[in-house]
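Note sheet for the following structure.
The values are calculated or read from the model by the stated rules, or taken from the named source; none is laboratory data. The structure presented is a predicted model; accordingly, all values stated were derived computationally and were not measured. Here Cβ is always computed from backbone atoms with ideal geometry, including for glycine, and neighbour counts include all displayed protein chains. Accessible surface is based on the protein model in full, side chains and every heavy atom, while ligands, DNA and RNA are left aside. Shrake-Rupley method; radii C 1.70, N 1.55, O 1.52, S 1.80 Å.
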Amino acid sequence: MATDIEIAQKATLQRITKVAKDQLGIDDEHLEPYGHFKAKISLDYVNSLANRPDGKLILVTAISPTPAGEGKTTTTVGLGDALNRIGKKASICLREPSLGPVFGMKGGAAGGGYAQVAPMEDINLHFTGDFHAIALANNLLAAMIDNHIHHGNELRFDLRRIMWKRVVDMNDRALREITVGLGGPSNGFPRQDRFDIVVASEVMAIFCLATSLKGLKDRLGNIIVGYTREQKPIHARELKAHGAMAVLLKDALKPNLAQTLENTPAFIHGGPFANIAHGCNSVLATTTALKLTDYVVTEAGFGADLGAEKSKYLPRVGEAFEGFEELPTFPGLYYIRLLVAAREFARSGIVRAFTALQKAGEEAQRLTDYAESFRIENDLVPVPLWEGDCTTRLETLADIPRGKAVYWFERTDLVKAKEVLGDVVCLRGNVPASMLTTGTPEQVDAYCRMLIEKVGKGGGFILDGAIGIPDESKPENVTAMFEAARKYVP
């Protein structure tokens with residue numbers, strides 16, 4: 001039986017310019033070839049696709065992740081080829097492999113057997129150099145932190161609270177915990193540090209959520225790199241590092257195009273891990289593929305409880321944040337879920353107020369900094385309201401025109417809410433977290449209907465609560481809560 005690499009090397013590949021022209025309609029002038037079989041697509045061309053309708057997105061996931069992988073990439077490639085074989089216009093989207101797993105237990109991440117992307121060796125190794133650019137951007141910021149401290153520490157970094165770590169795209173356990181700055185005064189101040197793998201870098205997560213170079217630069221500037229002794233956060237923009245980091249990433253941001261062994265177009269771009277980030281290829285690659293083909297098959301890292309759970313929201317990020325570039329760089333699904341849900345409620349026409357993002361202590365200022373960039377014209381007006389009494393908060397909400405959604409994150413006296421805002425329906429504040437995490441959709445629906453009838457009928461409702469929608473909530477229960485509002489609020 002032929003090995004994967006033997007199969008890949010015997011395959012007859014088309015020049016990438018032919019794949020792009022014949023199957024995607026992309027002219028040569030919009031491609032930046034890296035040899036004969038891989039290329040980058042210019043951002044100007046990507047932006048020109050904005051008004052085209054989207055195709056259908058198909059997600060491949062798995063039930064039980066295993067140390068060796070489950071075959072999601074192989075299934076993705078095979079399904080993409082099959083759709084094209086039966087006459088559908090399809091493409092696939094994959095993450096770029098990390099050299100750590102490639103040289104580790106899992107091996108390559110380009111598929112297997114006759115369901116592979118090619119050129120397989122290039123994709124599994126350096127490909128178009130995106131990961132090297134991401135590693136350099138990450139480590140440039142790390143070097144600038146130590147250099148800033150060495151030259152006087154004007155920003156007053158607390159050496160015990162430097163959050164930013166270095167990265168290398170390799171499994172090297174000896175670098176997990178290290179001491180830097182040894183060797184005398186010219187080498188800086190000794191301190192504890194560590195290396196992460198490139199795909200675990202916050203730069204990778206930001207890179208895969210960015211939709212423009214400007215948006216990428218702004219998000220990089222918002223990275224918290226450390227704290228002062230007073231525990232005040234210090235951002236990358238205060239070091240003036242974000243511009244240089246963005247320059248290092250300017251070419252990497254362009255989506256990569258390759259092909260399968262059966263010449264199906266393959267967008268392979270970015271690769272954040274799913275356990276510490278969102279586990280999907282770049283938003284730019286997915287949105288570009290959706291504009292160019294009728295069907296896009298993609299995969300999400302690990303199992304359905306990690307990558308798949310998060311990926312449900314990522315294809316809608318462009319829609320949910322239409323009108324501005326910024327997506328908050330807080331780690332985790334929680335923030336994405338709340339923002340997308342807010343947009344959906346606002347569009348339903350039944351929202352007067354919505355629950356707010358809030359984090360205690362050191363992240364409160366960060367939320368304040370982001371608040372204005374969350375604004376979505378005519379739909380969503382998030383307001384950080386973690387200071388002041390209940391009446392003050394409600395009066396602030398009362399100034400928001402009907403039909404807009406407001407982020408609001410304190411349990412509110414319902415009598416006072418009705419007095420200030422008029423007739424409202426309070427759902428989330430009274431739906432127990434346990435019901436969302438362990439109950440059934442039928443129980444959630446009945447509970448929400450009871451709440452709506454009990455509180456009274458009005459022109460909108462408040463989705464309120466001190467913890468928002470728990471990450472461990474069952475998706476079907478969250479959906480049931482949303483649908484209850486649409487069904488029972490007049």
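The listed residues H126, H242, H132, H269 rank as H126, H132, H242, H269 when sorted by accessible area, largest first, using a 1.4 Å probe.
Averaged per residue, the stretch 101-237 has 47 square angstrom of accessible surface, using a 1.4 angstrom probe with ligands and nucleic acids left out.
The alpha carbons of the stretch 1-141 occupy a box of 48, 42, 32 Å along the principal axes, longest dimension given first. Placing a pseudo-label 7 Å from each Cα along the Cα-to-Cβ vector at K56 and H126 gives an inter-label distance of 4.1 nm. Among the GluC sites (Glu not before Pro) found in the stretch 152-213, those both in a DSSP coil and sparsely packed, with 14 or fewer other Cβ atoms within 10 Å of their Cβ, are E154, E177. For L94, nonlocal amide neighbours, meaning residues 5 or more places apart or on other chains whose placed amide H falls under 5 Å from its own, are F267, I268, H269.
Given a 1.4 Å probe and the protein chains as shown, F37 ends up with an accessible area of around 70 Å². What whole-number distance in Å separates the alpha-carbon centres of the stretch 1-59 and the stretch 275-292? The stretch 1-59 and the stretch 275-292 have Cα centres separated by 15 Å.
Solvent-accessible surface of protein heavy atoms, probed at 1.4 angstrom with all chains present, puts L213, L83 in the order L213, L83, largest first. Amide H to amide H distances under 5 Å link Q116 with L261, where only residues 5 or more positions off or on other chains count and H is placed in the peptide plane. Positive contributions from Lys and Arg (+1) and negative ones from Asp and Glu (-1), summed over other residues with Cβ under 11 Å from the Cβ of W164, come out at 0. Overall, the accessible surface of the stretch 119-180 at a probe of 1.4 angstrom is composed of carbon and sulfur to the extent of 54 percent.
The Cα center of the stretch 127-157 and the Cα center of the stretch 215-267 differ in position by 12 Å. With 31 Å as the limit on Cα-Cα distance, the pairs of K56/K240; K214/K291; K89/K474 that go past it are K56/K240; K89/K474. Across the stretch 61-103, the residues whose backbone nitrogen lies under 16 Å from the label position 7 Å along the beta-carbon direction of N171 are 66-70, 97-103. If the segment from Y45 to R194 were pulled out straight at 0.36 nm per residue, it would be longer than the present Cα-Cα gap by 49.7 nm.
Once backbone amide H atoms are built at 1.01 Å from N, R166 has R194, D196 as its partners under 5 Å, excluding neighbours fewer than 5 places away on the same chain. Protein heavy-atom surface of the stretch 1-54, 1.4 angstrom probe: 48% of the accessible area is carbon and sulfur, with nucleic acids and ligands not counted.
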